[in-house]
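To start, the structure under review is shown below, and the notes come after it.
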Amino acid sequence: MNDQRLQGRVAVITGASSGIGEATARLLAAQGMQVVVAARRSDRIEALAAELGDNALAVTADVADIEQVTGLFDRVRERFGGVDLLFNNAGVGISDTFAESAPADWKAQIDSNLMGVLHCTHAAIPLMQGREGAMISTVSSVGGRHGVAGWAVYCATKFAVNGFHEALRKELGEQGIRVSLIQPGAVWTEWGDKVSEDAMRSYRESLDALHSEDVAQALLYSFAQPARVLVNEIVVRPVRQLLP
Ligand code: NAP
């Protein structure tokens, strides 16, 4: 797919330093879109932006920090004047049984996965006004549809994102701003703290887990629809992933 309608449109991608965000930046840039790649690891996003060329801008930002998010969208306004696509992808998952889990880990997940989405969405909406086909797309998870033992707080953040999106869609629909969710199953990325690398690898191997590019394709599919079309939710899983 290489759609003329995508040429020059502006995407802000959070969590672009690895995994799904990085793959999405590459895919959208290959479609001729201008991509703003944001994350905390500056070295990663600077290298990605350098590779993608003039249509990419790297901005170091922690989405949990409202001042850094304000700075990110100030840069976007100065450079591009607006935003067509906000891809709220940044997130962390920290595994533990809830009884043994630490409040600092709850906070880290709530701050990145929920507060980060709220901060970025709030800052982006004014920059989306009047832009045909503008879209906010957020990465939730199959863990935002079903509880998963060992991931209770992570699931709570993703369920919260779903509820936020369902209400936001009703606030922004009349303005023509599309609000969309992507709920992936297991993906081969750096995601998953406090799980041994071996356990994560064998889990992903057993499912023939998705690649980041597979999720990036789902995002592109939803964004590339005509402006009247809202792809409300996409659940994308490995065929072999039967649970959750
Ligand atoms: P990943 O490779 O670990 O990427 C996560 C990205 O989020 C990184 O670029 C990280 O960058 C960024 N990030 C995390 N906290 C941030 C913060 N506070 N501020 C800015 N950036 C932050 O994992 P991934 O799988 O691609 O994750 C992307 C999204 O997919 C997440 O929302 C995750 O919950 C979701 N998801 C993943 C899976 C899976 O199996 N992999 C399944 C369902 C949903 P820095 O560390 O450089 O900031």
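Some notes on this structure:
- Within the range 11-21, tally of residues that are surrounded by fewer than 24 Cβ atoms within 10 Å (Cβ to Cβ) and either assigned to a helix (DSSP H, G or I) or more than 9 Å from the ligand (Cβ to nearest atom) (or both): 1
- Residues (crowded, with 18+ Cβ neighbours inside 10 Å, within 13 Å of the ligand (Cβ to nearest atom) and not hydrophobic (A, V, I, L, M, F, W, C)) located in the range 69-91: ASN88, ASN89, GLY91
- SER95 vs. criteria surrounded by fewer than 24 Cβ atoms within 10 Å (Cβ to Cβ) and more than 21 Å from ALA216 (Cβ to Cβ): yes
- For the range 92-105, the count of residues that are away from the ligand (no atom under 13 Å from the Cβ), small (Gly, Ala, Ser) and on the phi > 0 side of the Ramachandran plot is zero.
- Total residues in the range 166-190 satisfying the condition of being under 27 Å from ARG204 (Cβ atoms) and either more than 13 Å from the ligand (Cβ to nearest atom) or assigned to a loop (DSSP other than H, G, I, E, B) (or both): the figure is 6.
- Only one of ASP62, ASP74, ASP43, ASP54 that is touching a helix residue (DSSP H, G or I) at 6+ places or on another chain (Cβ under 6 Å) and not in a strand (DSSP E or B): ASP62
- Here the condition is being out of contact with any strand residue (DSSP E or B) (no Cβ under 8 Å at 6 or more places or on another chain), under 20 Å from VAL236 (Cβ atoms), of a type outside the set (D, E, K, R) and surrounded by fewer than 17 Cβ atoms within 10 Å (Cβ to Cβ); of GLY147, GLY163, GLY192, GLY143, it holds for GLY147 alone.
- Leading residue by the ranking (surrounded by the most Cβ atoms within 10 Å (Cβ to Cβ)) among those in the range 22-40 that are in a loop (DSSP other than H, G, I, E, B) and either away from the ligand (no atom under 13 Å from the Cβ) or in contact (Cβ under 8 Å) with a residue 24 or more places away in the chain (or both): MET33
FYI, it's all coordinate maths here, none of it is from the lab. Model, not experiment: these values are computed from the prediction. Using ideal geometry, Cβ is built from the backbone for each residue, glycine included, and neighbour counts are taken over all protein chains shown.
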